[in-house]
Structure formats: C-alpha cells, structure tokens
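Below you'll find the structure, written out as structure tokens, and then a few comments.
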Amino acid sequence: MDDIILQFINGLDKGSAYALIALGLTLIFGTLGVVNFAHGMLFMLGAFCAVVMQRILNISAVTIDETQKDFLGRPLEVKTPYAELWFGPEIGQVIVNWSVPLSLLLAVPFMALVGWVMERGIIKHFYKRPHADQILATFGLAIVIQEIMKEIFGANPIPVPAPQSFAGSLDFGVLLGFDPNVIVYPYWRLIYFLFSSVILLAVFAFLRYTTFGMVVRAGMADRETVGLLGINIDRRFTIMFAIAAIVAGVAGAMYAPINSPNYHMGMDFLVLSFVVVVVGGMGSLAGAVLAGYLLGVLESFASMNTVKDALPGIDQVIIYLTAIVVLLVRPRGLLGRRGVMED
Amino acid sequence: MLFGLNKKDTRFLIIVVLLTLFTPFLMQPFAETSPLAQFNGGYPDLMAKVAIFGIFAIGFNILFGLTGYLSFGHAAFLGVGSYAAVWMFKLLTLNVFPAVILAVIMSGLLALVIGWISLRRSGIYFSILTLAMAEMAYRLAYSVLTPITNGETGLQLRPHDPRVLDGPGAPQYPNLFGLELNDSYFLRLGDHVFTFNVGYYFCAAFAILAFYVSLRIFRSPFGLMLRAVKANQQRMNYTGLSPRPYTLAAFVISGMYAGLAGGLMAAMDPLAGAERMQWTVGGEVVIMTILGGAGTLMGPVLGAGTIKYLENIFSKINENVLHQWFAFLPDGLENMVVWLIAHFTGEGWALTLGLMFMLVVFFMPGGLVEGGRRIARLWRKRRHGGDGGADGDELHRPARSPHVAE
C-alpha cells in the first residue's frame, strides 16, 4: 500500500509537467488548428531561462581581500554576487538562492516574446497548409532551436538547484499514519505540483470567466462566425499562442531543479506530450490535463520493481502502449469531442 | 520498351543507371592536389551512404509521396534490418546475400504488424502511432531485448561466432562470394584519384533495383490507387474501394525498403546499434524525401544525396579551413565572418540542416525537383515566350484537412 501511494505521488510531478505542456499544445491546436512540433522546445527554453537567471544572479564583483591568502600566498580574490552588494548579504543570499522561482520573472516576458515571434513569423503561414506541412515546418524549427541551445549552453546537463528552504523532503507517510521515512516526497516536487495546479486553474479560469476567454472559446467553436461578428479573432489566437508558450515556459523553468536542463529535453518531452494530447483527445483541454496526470502516474507505477519483474521492460514502453491502446479503442481520446479529428 | 517501361521511362532508368555507375567520377570532380579537394565526395563510405539512404528514401516516398501518410517510425525498420543482417553474419555466413534477404523479410514482418495497427488511423494520429511504435522498439532494444541487440554496446562480429556455412579459409569481412565489400580499386588519372569500391557497387545495384521497382509501382494501377488514397480517401470509400489493403501494402513495401537499407548498412559496417532506431533517424528520412520532392521519382534520391554529401562536407569545415578561405578579408572582418559561419559548419551542421529544411517547407514545398522544374519552366518561357505548360496539381498534395472548429 505504501508503495502504491509513493509511486502515485511520485508520478504527480512528472504528470504535472506533461499536463502543462499538453495543455499548451492543445490550446494551440484548438485555436489555430496547427500541430506544433516545436512545443517541447518552448518547455526547454523555459528551463534554460532558469539557467540564465541563475547565471545572472551569480554575476559577481571581484574584490581583493588583503587579510586572507590563497594557497599560493597571494591575496585572496573574493567573488561577491552583485545582488549581495546591492541588497546586503542576507537578502542578497536569499535572492541568489531563489534563482529558480525568480526566473519566472524572466521566463514570462521572454516566452511571450518567443511565442509571439514564432506565431507571427512562422506559424501564421501554415494555417491553411496540410497538417503534414505544419508538422514538418515546426519540426525543422525544433531542430534549429535545439541546435542553437546546444551551441550556447553546451551538450551537458546544467544542474540548477532549488532554493535551500525546499531542500528536504516531506515525510508524507506520517500524515497518513504510516511509519516515518516510508513515503517521503521532496518539497520541491510538492511545490511543482502545487504550482502547476495553480497554473492549470488559472488558464481554465481565464478561459471560463473573462470576456477574452469567452471570445477565444467561441473562436474555437466557430472561428468564421466570430470573425463575422467583427472581432479580430486572429489577434486573440496569437495572444493564446503566446499564453501557451508562457505556460510551457514556466513549466520548464520550475522543472529545472527536478531535471537538469539539457539541449535534448525538448525532443524528449515533445514526443511524450504529443502522446499525452492524443490520449486526452485532440482539442480537449481537460483531456490533456487528465491524460498528463494519468500517464505520469502510470509511468511511475510501471517503474515499481514488482511490476517490472512481472513484465520486463514495461517501464520503458508503458506510455506508448497506453497511447496505442487508447487510439485503437477510443480514437477521439479520453475526453475528445465527438467528430473532432476522429479519422 | 524495356522491362515493361515506356520509352520515356526507359530513358529515365538508363540515365539513372549511368549516373549510379559513374558516381565515383561524378563525386570526385577535383584533383587531389587542388585546394578544392575537400569538396570531393567520391570515397566509398560516403557513396555507399548515399546509395543506402537513397534506398531508404525511395521506400519512404512510396508511402509518404504516394499515399500522404506521414510516418515518423521508419527508423525501427532500418534498425531491425541491421540487427537481422548482423545476426546472419554471426550465425550463418559472412556472405551478404542471406543477411540482406533476412533483413528485408524481418523488417517486412515488423512493418506488417506496425502497419496493421497504425493504419487504423490517419493524419496526425497515424504519425503519432508510428512515432510511438518506433520509440517503443528503440527503448526495448536498449532494455529488455539486450540479449538480442547487445544493448548500448551494439551488436558486433566476434572471432568465435559460429558461422556454420563459412569454411575455415573464408574471408573475415562481409563479402560477396569471396569478394570483400571493403575492397577498392584505385584509378589514377593525372592528379585525380578515383575509387571503385565493391561495397558501393553492391549497394548501387540494389539502389538501381529499388529505383526500378519504385518506378514500376509509380506507373502501375496499384500506384494509381495509392495516389487516390492521397487525393481523396472519402471519395475512394464511396466508390466502394477500401484503402486499407493498398495503404498496408505500401507501408510494408516501404518498411522492406528500409530493412534493405538497414541490411546494407550492416554489410558496409558490420555493427548494429539501437541509436539507428531512434525516431530522429526516421525524421531524417522525412527531411530527405521532402527536400528532394515527395511524390516524385528522383526526388528522394536527390534529397538523400544532397543531405549526405552536405553533411559530410559541412562537418569537415572547421575554423582553420574557414580562416584559410577568408584570409583575403581584413582581420577583424575575417574573424567575424569565420565566427558566424563556424556556427553552421562542423558541429553546427544540424543547425544548417534544420534551417534548410524549414526554408524548403516554407518556400518550395515540392522540394528540389519542383525547384528545378520551376527554373526549367522559366527558361522555356523565355525562349518560346508565352506559357511553358502549366502542369496543374502535379504534386498531388492532399487537400487541407478541416480545422477542428469547422
């Protein structure tokens, strides 16, 4: 039982990442009708925002401390991050330490810009082209972004630590009445889960309760009529694309402490998030979220030793297997609307 | 009238055969001593790669070019073909024929299974299904199937392999009835050196065969059916025809082509690794086909040749070479230009590939063949004046699928 609970909560944080990426993909597909193979790259760009923020905050002033000597007997060079110089050592240390949450300040405007440029520069020209062309163009874009990141940040993963205050683990089992240290859950993963829940709720609330969201939903249902009512639906869809990019970006930035950013994480998550979207149902926002969590948890269960012993290799393929079964049994996905991309 | 082809196609085939035979000359236009020698591509490894990827792309084109089904999972067949071939080398004999035959059979069987499942859906779902299948195959090859695939190390030949058909004096390298594939004959003409490699000609023979079969398929009623699938599947259904058997046949054929390519790859270099099955390799063949021109006969081969050649050349250009080239510029400018270009060459080849690919999809959806046609039409127009013969929807691109909101 404790094993099952442990795997369940372990699956939640990965599931959150899947859900956020898949939500963005579905938003783009639902609004613009474009299959965006570069969406995993947006997640990766977000993760690298965390890296950049960490580096920015660690830019240091070098002062020479005459009272101390290094091992060669020269005066010691002390590096102090500017943040500490400006805000005093205590607050400065906290700021440097909190680089990951602070990177959201960078990620949101940057991802909005990337999303807007991508939509206006490339995606716009592919509204009316077949899905195959969209896949190919965005696939090419994905390669380009991946290679640029490789060029800038190198091929190795860059570890980005979570703030010190979240370093430990929550002894989740004790809360449920199990023995201590049976079910432990790192604080940061808990934070990630809560964070992504907030983002998901915010996106849904935005679509549900604002006029803008209403117009977008109307546009998703019948773009032409909304356009005929004198509403510039294209502009709103562009904004939705930027929002989808932001969602993927902040998901990536906050995920950086869990999975050290590297240049191929975009491709890794791309395939998975597509599988998630398809399982959830193309064009269904709730489906994408549900499928994200479902697949995250399933993947986690499949990596249990008892399961692996019974079905060797299942942990490697469970997601794809699920996708294949779902697509064959229920082509429109778990929560897909009837008649949407059902062929 | 030769091999059941009409006059035009016969001429076409003969041109292709001649091009293939004289590739060692054509890809080696510069003398060894000339500074342009690094643009020579006439060494066996590269030529064989062009032939092999040409086969791969021709096969992929039979599926994608004719039916419009975009598969991202063809790398799986390439990998299975390689594994099958290396196992034949290990167990039976180092003669390449059994290896290639088994490679084709095994990948055909796998294609039958994957196609049977994936072809229940079309469009983006089909792409995702094939992607999922290939990714599954790749991951299994790395984990559970290690006894068969030798995991990360890759499957290799060992001195103590059984090789039941090989006698004691048999060659120790993949061979064609005793003629080792890495044997080469060098022809020196002045400063030029031309290499004639057994392995290349072996691959080239298969490439010509592959091209001929694809030509026949394009011209056959079967090929017409496949085009019908792409043009309008619904109308085909209403006519009382089921597209499934046709698409499945196309899928299996293209899978067998991929397996053949994989087998030949193993024959040229008897080592099979799981990275050959990664879906990005499947993406590469998509790029080749699109770059050359999907749905055209020559396109995939052109695309494969262009990409493999450029990959080879670009990867060789490092900063030193660039500095030599731009030595005539003032120093500051030279460094800037070199710095800029260096990002696109050497290690940065993939970046160039991605950009090139985007540009092609953007501006020239018909690929190189379409580009060539446009140029030819312009030229003809200028000579004759007036219309150079509009050829309508020659690419048979599928109709745009309806937007979700529609």
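A simple charge model with +1 on the Cβ of Lys and Arg, -1 on the Cβ of Asp and Glu and nothing else charged puts the dipole of the range B:7-296 at about 1320 debye relative to its Cα centre.
For chain A, the membrane-span-like helix rule (DSSP H, alpha carbon extent of at least 24 Å along the helix axis, mean Kyte-Doolittle at least 0.5) picks out A:2-32, A:39-57, A:99-121, A:131-153, A:187-209, A:233-255, A:285-302; this says nothing about an actual membrane.
Label-to-label distance, B:Leu19 versus B:Leu359, with points set 7 angstrom from Cα along the beta-carbon direction: 2.1 nm. Binning all Cα-Cα separations of the range B:134-257 at 5 Å, short to long from zero, yields these whole-percent fractions: 2, 8, 10, 10, 10, 13, 14, 12, 10, 6, 4, 2, 1, 0. In a GNM of chain B with a 10 Å cut-off on Cα contacts, which of B:Phe328, B:Phe357, B:Phe30 has the highest mean-square fluctuation? The residue with the greatest mean-square fluctuation here is B:Phe328. For A:Leu311, neighbours were defined as the other residues whose beta-carbon sits under 15 Å from its Cβ, and their charges (Lys and Arg +1, Asp and Glu -1) total -1. Annotation: the residues B:His384, A:His264, B:His160, A:His131, sorted from fewest to most other C-beta atoms within 10 Å of their own C-beta, follow the order B:His160, B:His384, A:His264, A:His131.
Compared with the alpha-carbon gap, the fully stretched path from A:Val174 to A:Ala310 is longer by 46.0 nm at 0.36 nm per residue. Label chain B by shape, choosing from rounded, prolate and oblate, from the square roots a ≥ b ≥ c of the eigenvalues of the Cα gyration tensor; if a/c is under 1.5 it is rounded, and otherwise prolate applies when a/b is larger than b/c, oblate when it is not. Note, shape of chain B comes out rounded. Modelled this way, with points 7 Å down the Cα-to-C-beta line, the labels at B:Asp161 and A:Trp116 are 6.0 nm from one another. Charge dipole of the protein assembly as shown (Cα centre as origin; +1 on each Lys and Arg Cβ, -1 on each Asp and Glu Cβ, all else neutral): 3120 debye, rounded to the nearest 20.
Place a label point 7 angstrom from the Cα of B:Lys316 along the Cα-to-Cβ direction, then list the residues of the range B:7-32 whose backbone nitrogen is under 14 Å away. The answer is B:27-32. Between the range B:281-327 and the range B:340-377, how far is it from one alpha carbon centroid to the other, in angstrom? Each part's Cα centre sits 9 Å from the other's.
The three principal axes of the C-alpha atoms in chain A carry coordinate ranges of 76, 52, 37 Å, sorted with the longest axis first.
Note on the range B:202-267: Rg/Rh from C-alpha atoms, Kirkwood Rh, equals 1.10. For the pair B:Asp269 and A:Val325, a Förster radius of 25 Å applied to the C-beta separation gives a FRET efficiency near 0.10, rounded to the nearest 0.05. Ignoring aspartates and glutamates fewer than eight residues from B:Lys316 along the same chain, the ones with Cα atoms less than 13 angstrom from its Cα are B:Glu347. With 0.36 nm allotted per residue and the present C-alpha distance subtracted, the B:Thr146-B:Gln38 stretch has 34.9 nm of extension available.
Simple rule: put +1 on each Lys or Arg Cβ and -1 on each Asp or Glu Cβ in the range B:317-388, find the dipole, and look at B:Gly348, B:Ala376, B:Asn320; the Cα lying farthest toward the positive end is B:Ala376. On the beta carbon distance between A:Asn232 and A:Val184, with R0 = 60 Å, the FRET formula returns roughly 0.70.
For the range B:127-181, the convex hull drawn through the C-alpha positions has a volume of 137 cubic angstrom per residue. Taking A:Thr31, A:Thr306, A:Thr238 in turn, the Gaussian network model of chain A (Cα-Cα springs below 10 Å) assigns the largest fluctuation to A:Thr306. For A:Phe87 and B:Phe326, a Förster radius of 60 Å and the Cβ-Cβ distance give a FRET efficiency of 0.80, rounded to the nearest 0.05. Shown for B:Glu275, B:Glu135: other C-beta atoms within 10 Å of each C-beta, ranked fewest to most, produce the order B:Glu275, B:Glu135.
Shown here: the range B:317-388, whose C-alpha atoms stretch 51, 27, 15 Å along the first, second and third principal axes, sorted largest to smallest. Local charge for B:Ile62 was computed over the other residues whose Cβ lies under 13 Å away, with Lys and Arg +1 and Asp and Glu -1, and equals +4. Hydrophobic long helices, here whole DSSP H runs in chain B with Kyte-Doolittle means of at least 0.0 and Cα atoms spread over 30 Å or more along the helix axis, are found at B:44-67, B:96-118, B:198-219, B:243-268. Note on the range B:97-207: dipole from Cβ charges, positive end direction compared against B:Ala134, B:Trp116, B:Leu176; the farthest Cα belongs to B:Trp116.
Please work out the ratio of the alpha-carbon Rg of the range A:214-267 to 2.2 N^0.38 Å and round it to two decimals.
1.63
Taking each residue as 0.36 nm, the span from B:His384 to B:Leu26 lengthens on full extension beyond its C-alpha to C-alpha distance by 125.7 nm. Each listed q (0.08, 0.10, 0.11 Å⁻¹) maps to a log10 I(q)/I(0) for the protein assembly as shown from the Debye sum over equal C-alpha point scatterers, namely -0.75, -1.13, -1.31. Taking the number of Cβ atoms within 10 Å of each Cβ as an exposure proxy, the fewest-first ranking of B:Leu359, A:Leu106, B:Leu181, A:Leu294 is B:Leu359, A:Leu106, A:Leu294, B:Leu181. GNM on chain B, alpha-carbon springs under 10 angstrom: the most fluctuating residue among B:Gly59, B:Gly108, B:Gly178 is B:Gly178. Of the Cα atoms belonging to the range A:91-176, the radius of gyration and Dmax stand at 19.6, 56 Å. Net charge around A:Val160, counting only other residues with Cβ within less than 15 Å of its Cβ (Lys, Arg = +1; Asp, Glu = -1)? Result for the neighbourhood of A:Val160: +2.
Values of log10 I(q)/I(0) for the range B:213-333 across q = 0.12 Å⁻¹ run -0.66, by the Debye formula with one identical scatterer at each alpha carbon and no solvent.
Just so you know, all these numbers are worked out from the coordinates, no wet-lab data involved. None of the values given here were measured: they were computed from a predicted structure. In this analysis, Cβ positions are derived from the backbone assuming ideal geometry, glycine residues included, and neighbour counts consider all displayed protein chains.
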